[in-house]
Amino acid sequence: MPSSPAQKNSLLIDIWQSFLTLPNWVKIWVGLWLAPINMLTLYFINNTSGLLITCLAYAGLLPNLFVMIYNRGFSRLMALPHLLPWTIMLGVIYSALPLSDGIYSAFLWALFITNFVSLVFDYPDTYKWFKGQKEVAGR
């Protein structure tokens, strides 16, 4: 049976097209820095507080898979899953910094700054989402 033009795109195509409509700086921030540095916590899982930091990093990341699937794209709702785990993670990192050195210390500083900056955007975006700004990028 031939496909009709009115047929919906696949889920992955909808999510990718939504991502492509984001501002370039957001695509770079999310795709090349924010997600990768949080995923990199797995590499340091055996260091001081590494398991807890990894769990908190992924607790902020993984729910967004469900948000993207539900919305078939990117929206301000993606900020909400970051709030609690990443706020707690900042405290854990702050506590772990005096006990770390070398590359792990540098990584913790980078992760702390990255997630702090993310939360500076996430708290207002969550507020805006609850106030009705529920648009999905690209639609």
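The values are calculated or read from the model by the stated rules, or taken from the named source; none is laboratory data. Keep in mind the model is a prediction, meaning the values are calculated, not measured. Note that each Cβ is placed from the backbone with ideal geometry, even for glycine, and that neighbours are counted across all protein chains shown.
Quick look at the values:
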{"read-out": "Looking only at region 6-20, and only at residues there that are in contact (Cβ under 8 Å) with a residue 12 or more places away in the chain and exposed (fewer than 14 other Cβ atoms within 10 Å of the Cβ), the one that is nearest to GLU135 (Cα to Cα)", "value": "LEU20"}
{"read-out": "Of the criteria (1) of a type in the set (Gly, Ala, Ser); (2) touching an Asp or Glu at 6+ places or on another chain (Cβ under 9 Å); (3) loosely packed, with under 13 Cβ neighbours inside 10 Å, which one SER95 fails", "value": "(2)"}
{"read-out": "Count of region 99-136 residues which are surrounded by fewer than 18 Cβ atoms within 10 Å (Cβ to Cβ), under 22 Å from LEU32 (Cβ atoms) and among the small types (Gly, Ala, Ser)", "value": "2"}
{"read-out": "Test: residue in region 78-96 that is within 17 Å of the chain's Cα centre (by Cα) and either at pLDDT below 95 or aromatic (Phe, Trp, Tyr) (or both)", "value": "yes"}
{"read-out": "Filter result (in a helix (DSSP H, G or I) and loosely packed, with under 15 Cβ neighbours inside 10 Å) within region 56-82", "value": "LEU65, PHE66, ILE69, TYR70"}
{"read-out": "Test: residue in region 22-32 that is within 17 Å of VAL92 (Cβ to Cβ), of a type in the set (Val, Ile, Thr) and surrounded by 17 or more Cβ atoms within 10 Å (Cβ to Cβ)", "value": "no"}
